[in-house]
Amino acid sequence: MALSCALLISLIPKVCGQTGGSVGEAPRSDSSTPSGVYRSNAVIHVHSDLVLIPVTVTDHNGKTISGLEKQHFTVFEDSTRQDIIHFVAEDAPASIGIVFDASGSMRSKMPRAIEAVNNLLNHANPEDEFFFVRFSTEARLLVPMTQYTDDIRRRMGALHTNGTTALLDAVRLAIGEMEHAHHSRKAIVIISDGEDNSSLWTVPELKRAVREHEIVIYAIGIPALAGEASECVPGRRCGATLLKEISTQTGGHLFVIRHMEELPQVAATIGEWLRHQYILGYVPTREKDGTYRKVEVRLERPKGYPKMNAIWRQGYYAPKE
C-alpha cells in the first residue's frame, strides 16, 4: 500500500536516537483552556516522503472540536502551500508516560494529584498503554510500559511524599522508557509543582532530547498553596515557567491549576486531547536536503462552528537524499 511506510510513523512520527542512561529504572515486566494558537519550536524528523502533522483543534473552553474535514485545513511549508493527501480524524491508541511528582512539596496536593491520574486512566482508549515514573530526589520507573492500568493505580496507592525534586531527570527517564512504545502516538503527562532543585540533567539537554524523540508533553502545574514555601533553587527555572518551557517545546500545553479541585477535570481534558487529533499528511514540494522546514496550519471555520484554536508542531527536519 502507498501509505504503509508512512503509517509506521503516523500520528507522531517515530524517530531515531536515544538519550543516554536513565535513573532508577524498574525491572521490565512482560505485561504489555487555552485560547489562540500555540506554537512550538519542536521539530519532526521524517523518514518517509509523507510528512504527518498531528493537530489538536479546540474551542475557547479547550473542548475538542470534531467533524472537520480535509477541506477545512490548509498547510504551508516555508510559506508554500502543500496538498493534503492523507487525512485522519479518529481515536487512535497512544503510548502515554505519567511522570508524577512525589517530593515533599507535593504532600498537601497528593490526594488530588492521584485523583487526576485516575481520571486520565479512566478516559483512556482501551488500547492505550502506559508507564509510570515517580520522582522526588531521584526518578524511578515504578511501572514499565503496560496496558494493565491497575498496576499504576496500585503503585500510586502506596506512594509517600519526601525529598527534593528531580523533574528534569524524571522526564529523561520517561523519554528512555518511551523507546518501548508500541504505538506511533506518544505523549508524556507531567503532574508537578515544577520546582526542580536536584536534577543532574539541564533544560538545554532536555530540549535536545525532545526534538530527537518527537513526544508530545503535557504538563499540569500545581502552584504552592497558601503558606507553603517555595523550594526553588535561585538561578533555576521553576514552577510554571519551567513546565511551560518543557511542554511548549513539543507542541504540547501547560495547564496551570489555580484550585486543587480543577485537577481531575484537567486530566480528563488531556485525555480528550490525546484521543481527538486530526492527522494531516503531505508530500513536500521541495527536494530532500536535510534543512529545517517551518510548518503552518490554517483553519477555515465551517458555518455554525465556534471560534477555533489549533495546536501543532511548528516544523521538521527534512531527510537528505
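Nothing in this text is a laboratory measurement; each read-out follows from the coordinates by a stated rule. Predicted model, so just to flag it, every value in this text is computed and none were measured. Ideal geometry is used to build each Cβ from the backbone, glycine not excepted, and the neighbour counts take in all protein chains shown.
Take the Cα of His123, step 7 Å toward its Cβ, do the same at Arg258, and the gap between the two points is 1.9 nm. Straight-distance candidates among the aspartates and glutamates for linking to Lys307, with alpha-carbon spacing under 20 Å and chain neighbours fewer than 8 residues away dropped: Asp59, Glu69, Glu272, Glu296.
Sorting Tyr305, Tyr292 by the number of Cβ atoms found within 10 Å of their own Cβ, with the fewest placed first, yields Tyr292, Tyr305. Hey, quick one: spin label on Glu115, modelled 7 Å out along Cα-Cβ, who in the stretch 252-280 has an amide N within reach, i.e. under 16 Å? Zone members listed by number: 257-269. Ignoring lysines fewer than eight residues from Lys207 along the same chain, the ones with Cα atoms less than 30 angstrom from its Cα are Lys14, Lys63, Lys109, Lys186, Lys244, Lys288, Lys294, Lys320. Annotation: for a label point projected 7 angstrom from Cα along Cα→Cβ of Asn162, residues of the stretch 122-137 with backbone N closer than 20 Å are 133-137.
Let's test the formula: R0 of 22 Å, r as the Cβ-Cβ distance of Thr241 and Leu200. What FRET efficiency results, to the nearest 0.05? Numbers along the way, then the final one.
Values: r = 20 Å, r/R0 = 0.91.
About 0.65, to the nearest 0.05.
Available extension along the chain between Tyr305 and Glu272 is 10.0 nm, counting 0.36 nm per residue and deducting the alpha carbon span. In this simple spin-label model, placing a label point 7 Å from the Cα along the Cα-to-Cβ direction at both Thr80 and His182 gives a separation of 4.1 nm.
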